[in-house]
1. Quick check: pseudo-label points 7 Å beyond the Cα along Cα→Cβ at B:V61 and A:L12, how many nm apart are they?
2. If you place +1 on the Cβ of every Lys and Arg, -1 on the Cβ of every Asp and Glu, and leave all else neutral, what size is the dipole of the protein assembly as shown about its Cα centre, to the nearest 20 Debye?
3. To the nearest 10 degrees, how steep is helix B:41-69 against the longest Cα principal axis of chain B, on a 0 to 90 scale?
4. Just name one of B:I41, B:I13, B:G62: the one whose Cα is farthest towards the positive end of the charge dipole of segment B:1-81 (beta-carbon charges, Lys/Arg +1, Asp/Glu -1).
5. Can you bin every Cα-Cα distance in segment B:76-226 into 5 Å intervals starting at zero and give me the percent of pairs per bin, rounded to whole numbers?
6. Sequence gap at least 6, Cα distance under 8 Å: using those rules, report the relative contact order of chain B to the nearest whole percent.
7. Which residue, chosen from A:F7, A:F17, A:L31, occupies the Cα position most advanced towards the positive end of the dipole of chain A, where the dipole is computed from +1 (Lys, Arg) and -1 (Asp, Glu) charges on Cβ about the Cα centre?
8. What percent of all Cα-Cα pairs in segment B:66-139 falls into each 5 Å bin, going from 0 up to the bin containing the maximum distance?
Amino acid sequence: MVNKFLFAAYALVWIIFMVYAWSLSRRQARLLKKLEDLKAKTPEGKH
Amino acid sequence: MAKKFPIGAHLAITLAWIVISLYMIFLYAPQELTMGEVQRIFYIHFSLAMTALFAYGFVFVGSIGYLWKRSKATDDFAFACAEVGFVFCCGVLVTGPLWAKPVWGIWWTWDARLTSTFILWLLYIAYLMLRAYVTNPGRTESLSAVVGTLGFITSIVDYMAIRWWRTQHPQPVIGGGPSSGLDPRMWATVFVTWGAFLCLFFYLVRVRIGIARVRREVSRLRQQWA
């Protein structure tokens, strides 16, 4: 049987990284959306 | 200009490296005699800790680069390393007590190593709060560089703490004198795991730098549009 401390340590570390990766992808998606909107509004983006 | 290594390939290598390191941790490395299974936390704890310490070295390099050249690229690098370093430091503070409890019988003690790691974590928070709440261009970067330098000094104290003072934390396994050392298979596992975490660190830093660039472009277009 896997030691509960060993399991908790590995599980929590991967949860921390998953949450951080999710936060990065959310921020990236939101900024890219804003960038697209702004480019569409500006004269240089209307070409 | 040097061609950049594709970020997708970087991610694929990181994931493959992590799988190899997990195989080595759980199936290749021998079981430690006194601590048993729980000693396997060491591989991830050590790798997270060393990467979090190195991260402050990179923050310092980026900060000095900014103060010297006033370049946005070096500041982006310092900021990204601080944010990702903070995530690694959180991992250290989670895995440490989970290893300490079954081995020492306590979750935490205020010895030199643990206290300096906690201060390092607080300095990471200070750095990130400074970035979030001081919005004066130029001043934010300069103040962050000062906190980054303080963090770098603390990271050296943190690394040396188990050499300078008697601590509850185990003595160093690398360069810790004649009684230190590991089984060769454990050494291999330590270095493969640390390599995987460094690879993950740089992948996350690259993504974070990409976000900083997009944010700057958004601000530029907003100013242009206003």
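1. For the pair B:V61/A:L12, the computed spacing is 3.1 nm.
2. Here the protein assembly as shown has a charge dipole of around 1220 debye.
3. Approximately 30 degrees, to the nearest 10.
4. Of B:I41, B:I13, B:G62, it is B:G62.
5. In order of increasing distance, the bins hold 2, 8, 13, 17, 19, 15, 10, 7, 5, 3, 2, 1, 0, 0 percent.
6. Answer for chain B is 31 percent.
7. A:L31
8. 3, 14, 19, 20, 14, 10, 8, 6, 4, 2, 0
Any read-out appearing in this document is the output of simple, stated calculations on the displayed coordinates, not a laboratory observation. What you see is a predicted model, and the numbers here were worked out from it, not measured in a lab. Virtual Cβ from ideal backbone geometry, glycine too; neighbours counted across all protein chains shown.
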